[in-house]
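The values are calculated or read from the model by the stated rules, or taken from the named source; none is laboratory data. Please read these numbers as outputs of a predicted model, since none were measured by experiment. All Cβ positions, glycine included, derive from the backbone under ideal geometry; neighbour counts span all protein chains shown. Side chains are part of the model used for accessible areas, which takes the heavy atoms of the whole protein and leaves out ligands, DNA and RNA. Shrake-Rupley method; radii C 1.70, N 1.55, O 1.52, S 1.80 Å.
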Amino acid sequence: YKIWQLCEAMYKYLEERGISKENILFVTISSPTGRASGGDSLRDNLLSANQEWGMDKSQIVSDVEKLDMNSLKDVKVIIFIDDILGTGFSLKRTIQEFIQKAIKTNFKIQEYILGVTGVFMTRSAVRFIKKKIKKEYNLEIEVFDNDNYIDSCMKGDHIFNYDEVKRIETIIERYEKEIGMDGEKNYVMGFRGCKLLLSFYYNTPNNTLCSFWKCEKNNIPVF
């Protein structure tokens, strides 16, 4: 339903600019391991949310590396989409991969509208992606949002009151530190300290507090 809402808002905005939804290409993140991932569920739900008007599956890219750039002649807008933009790292890599492939194949990417969105997003992730792509390739990335930003659970007056949030964060962080280290990887308070509370039916992003998803001898996670 959230994906349907997001798509409807995008289509309305683009149609006002004379662009049909049939001319949109959605680029998703491929599985880094070659195995099932959250991207599979996102792609499936994109098709389901758009089945009423008959979205063609060719409008959804599952693997940039295998994409034939010559097949994009009818595309006018390229939307890079993920289920959750916590830090923006994963989607940024996909955007870079797409742009680098465009450069190698003389694909005139500057002639297309480039957009970024997620079912849920942090403002810091969006700023990070826009800044990096502008700096590295001098390309503008539009942000397509539908009031789908998500905040840290330790933001004052979001879940906890301002006068108690720091005390509560200290308590939670102490527990998170007991289970959040995995070799050199640090998931304390969520990856890169995102401090999110978010879980999908198919997985829980590592941006969420690790006590909710990380299995350890002293932690049996609920998700």
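The residues listed here are SER20, SER31; of these, the one that is of a type outside the set (A, V, I, L, M) and within 15 Å of ASP82 (Cα to Cα) is SER31. Checking each residue in region 3-47 for being of a type in the set (Val, Ile, Thr) and in contact (Cβ under 8 Å) with a residue 40 or more places away in the chain picks out ILE3, ILE19, ILE24, VAL27, THR28, ILE29. For LYS132, the conditions (1) surrounded by fewer than 16 Cβ atoms within 10 Å (Cβ to Cβ); (2) not in a loop (DSSP other than H, G, I, E, B) all hold with the exception of (1).
Taken over region 146-168, the residue count meeting the criterion of being out of contact with any Lys or Arg (no Cβ under 8 Å at 6 or more places or on another chain), crowded, with 16+ Cβ neighbours inside 10 Å and without any contact (Cβ under 8 Å) to a residue 40 or more places away in the chain is 1. Whenever a residue of region 87-113 is open to solvent by less than 30 Å² (accessible area, probe 1.4 Å), its partners that are hydroxyl-bearing (Ser, Thr, Tyr), lying with C-beta atoms within less than 6 angstrom and at least six residues away or across chains, give the pairs ILE99/TYR137. Among the residues of region 174-186, are any of a type in the set (A, V, I, L, M, F, W, C) and open to solvent by 70 Å² or more (accessible area, probe 1.4 Å)? Yes, there is a match, as at least one residue in region 174-186 is of a type in the set (A, V, I, L, M, F, W, C) and open to solvent by 70 Å² or more (accessible area, probe 1.4 Å).
Of all residues in region 94-119, how many are within 27 Å of ASN146 (Cβ to Cβ), β-branched (Val, Ile, Thr) and out of contact with any strand residue (DSSP E or B) (no Cβ under 7 Å at 6 or more places or on another chain)?
Qualifying residue count, region 94-119: 2.
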